[in-house]
Amino acid sequence: MRYFLEIAYQGTHYHGWQVQQNATTVQGVLQAKLSQLLRQDIKVVGSSRTDRGVHARQQFAHLDVAVPIDSQQLLHRLNAVLPKDIALVAIKPVKPTAHARFDASSRTYQYTILQVRDPFQHATSYLRYSALDVVSMNRAATHLCGQQDFQGFSKAHTDVAHNLCTVYEAFWTQQAAQLRFQIRANRFLRGLVRFIVSHLLQVGKGLLSEAALPPCWRQKRAVRQYLLSLHMAWPL
């Protein structure tokens with residue numbers, strides 16, 4: 001029997017989603033607790049990998065068990081033993097061929113930037129007091145859309161077959177003193193969104209032209225190194 005899990009977590013204290021040796025990860029904690037409760041070796045497959053310190057409002061994963069389980073009972077039992085920064089939102093049976101990763105139609109990331117100090121959002125937001133040119137940032141973001149090779153905006157030496165991503169939307173919104181960037185794509189490369197946000201902030205500060213990289217963002221290692229030199233690859 002295959003089940004889908006809907007999970008939410010705050011990633012501050014984790015080295016990302018994927019299991020790693022000698023590091024605490026969300027997948028590792030989840031598998032350990034499920035194995036303990038179900039008294040069998042449980043492996044979960046996530047819909048995507050999140051980096052160290054990244055949070056998830058809605059992450060999906062699937063697991064396989066030999067016999068049917070009581071979904072509601074497992075939901076309550078698992079939430080009772082999980083750390084407070086990981087929550088199981090829902091669990092439901094699916095067909096045996098359903099796959100959390102390969103059946104996902106898109107993934108969405110959001111970055112929040114605060115322009116006033118907020119003690120309730122400090123762990124999930126980036127604080128920047130000075131003004132940003134949001135109009136220019138949005139114009140620059142339009143160059144992301146469509147299928148492109150984002151090799152230059154990914155971390156090196158990753159285990160992916162190619163660097164093509166199809167971005168469906170990328171835009172900034174502002175409400176009072178809060179800015180939010182949202183990007184939705186079929187897939188993301190490791191570190192891609194952080195480098196993109198770093199670039200767009202440089203545009204917003206007037207340090208880069210909004211047309212600095214079009215029509216394609218591929219193989220821009222020099223730009224990536226420039227952003228790193230500005231210490232803008234901050235962990236949100």
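Total residues in segment 187-205 satisfying the condition of being closer than 16 Å to T142 by Cβ and among the small types (G, A, S): the figure is 1.
Taking S198, is it at pLDDT below 85 and of a type in the set (S, T, Y)? Even if it seems obvious, please write down each step before you answer.
Values: at pLDDT below 85: no; of a type in the set (S, T, Y): yes.
Spelling it out, it is not the case that S198 is at pLDDT below 85 and of a type in the set (S, T, Y).
Each residue in segment 68-86 was checked for being out of contact with any Phe, Trp or Tyr (no Cβ under 7 Å at 6 or more places or on another chain), touching a residue at least 24 places away in the same chain (Cβ under 8 Å) and either outside the structural domain of Q20 (by TED's automatic domain parsing) or more than 11 Å from Y3 (Cα to Cα) (or both), and 6 of them qualify.
Considering each residue of segment 173-201, count those that are assigned to a strand (DSSP E or B) and either farther than 13 Å from Y109 by Cβ or in the same structural domain as G53 (by TED's automatic domain parsing) (or both), and give that number. Talk me through it step by step, then tell me what you get.
At the first step, the residues of segment 173-201 found to be assigned to a strand (DSSP E or B) are 173-175, 178-185.
So of that shortlist, the ones also either farther than 13 Å from Y109 by Cβ or in the same structural domain as G53 (by TED's automatic domain parsing) (or both) come out as 173-175, 178-179.
Residues that pass the stated criteria total 5.
If you check D51, D118, which single one turns out to be in the same structural domain as I196 (by TED's automatic domain parsing), under 30 Å from L201 (Cα atoms) and part of a loop (DSSP other than H, G, I, E, B)? Before you say what the answer is, go through the steps one by one.
Values: D51 fails: in the same structural domain as I196 (by TED's automatic domain parsing).
Result of the check over D51, D118: D118.
Here H157 clears all of (1) surrounded by fewer than 16 Cβ atoms within 10 Å (Cβ to Cβ); (2) at pLDDT 70 or above except the condition numbered (2). For segment 95-117, taking the residues that are closer than 30 Å to G46 by Cβ and charged (D, E, K, R), the one that is surrounded by the fewest Cβ atoms within 10 Å (Cβ to Cβ) is identified as K95.
Could you tell me whether A80 is modelled with pLDDT of 95 or more, in a helix (DSSP H, G or I) and farther than 18 Å from A56 by Cβ? Yes, satisfied.
Residue by residue, here is whether (1) among the aliphatic types (A, V, I, L, M); (2) crowded, with 20+ Cβ neighbours inside 10 Å; (3) closer than 29 Å to V193 by Cβ holds:
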residue	(1), (2), (3)
Q27	no, yes, yes
L30	yes, yes, yes
D41	no, no, no
R52	no, no, yes
L63	yes, yes, yes
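Somewhere in segment 33-46, is a residue under 13 Å from the mean Cα position of the chain (by Cα), within 23 Å of A185 (Cβ to Cβ) and in a strand (DSSP E or B)? It would help to see each step written out before you state the result.
Keep residues of segment 33-46 that are under 13 Å from the mean Cα position of the chain (by Cα), which gives 46.
From what's left, within 23 Å of A185 (Cβ to Cβ): 46.
Retained after the next criterion (residues that are in a strand (DSSP E or B)): 46.
Taking every residue of segment 33-46 in turn, at least one turns out to be under 13 Å from the mean Cα position of the chain (by Cα), within 23 Å of A185 (Cβ to Cβ) and in a strand (DSSP E or B).
The values are calculated or read from the model by the stated rules, or taken from the named source; none is laboratory data. Owing to the predicted nature of the structure, the values given are computational and were not obtained by experimental measurement. Cβ: placed from backbone, ideal geometry, glycine included. Neighbour counts: every protein chain shown.
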